[in-house]
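Before any comments, here is the structure.
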Amino acid sequence: MNTDELRHRTWLRGYYAQLVNCKVKAVQLKEEDGEVWPVLKMVSPTTGETWNVEVSMDQEGNGPGFLFGLPEPKMPIVKASTQVGSHADKDKQDKIATLTAALEKALEEPIDE
């Protein structure tokens with residue numbers, strides 16, 4: 001490892017070390033240019049500052065990123081194309097639409113409270 005790589009890794013360790021013991025207060029999805037960016041509203045345990053931490057694919061912010069390692073959420077799966085047949089299917093589709101609308105509304109809530 002050369003000096004520049006070592007300097008960069010040291011900087012990254014210090015940068016991410018700020019997250020240790022932080023509390024995630026909210027999660028929001030921010031849309032920008034047709035892409036969806038995860039944003040974590042976090043509170044520093046040492047300073048009490050609130051940070052909006054955006055998950056990006058790289059340091060330049062060239063696109064949104066993804067956090068691996070979380071368990072799958074326990075929520076209904078909304079299929080893009082659901083054909084309505086019987087009355088029961090229509091009721092099920094209405095319930096899914098209601099849940100989807102509630103989830104979308106919750107995700108639109110402002111991150112700063």
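The numbers here are math on the coordinates, done by the rules we state, and not lab data. Being a predicted model, the structure only gives us computed values, none of them experimental. Don't worry about glycine lacking a Cβ; one is built from the backbone with ideal geometry, like all the others, and counts go over all protein chains shown.
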Quick one: of LYS41/LYS74; LYS25/LYS92; LYS30/LYS74, which pairs are farther than 27 Å apart, Cα to Cα? LYS25/LYS92
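Test of understanding: ordering THR100, THR46 by Cβ neighbours within 10 Å, fewest first, what list do you get? Intermediate results must be reported in sequence, preceding the final value.
On the way: THR100 13, THR46 9.
Arranged by neighbour count, lowest to highest, THR100, THR46 become THR46, THR100.
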Most exposed to least, judged by fewest other Cβ atoms within 10 Å, LEU40, LEU19, LEU6 sort to LEU6, LEU19, LEU40
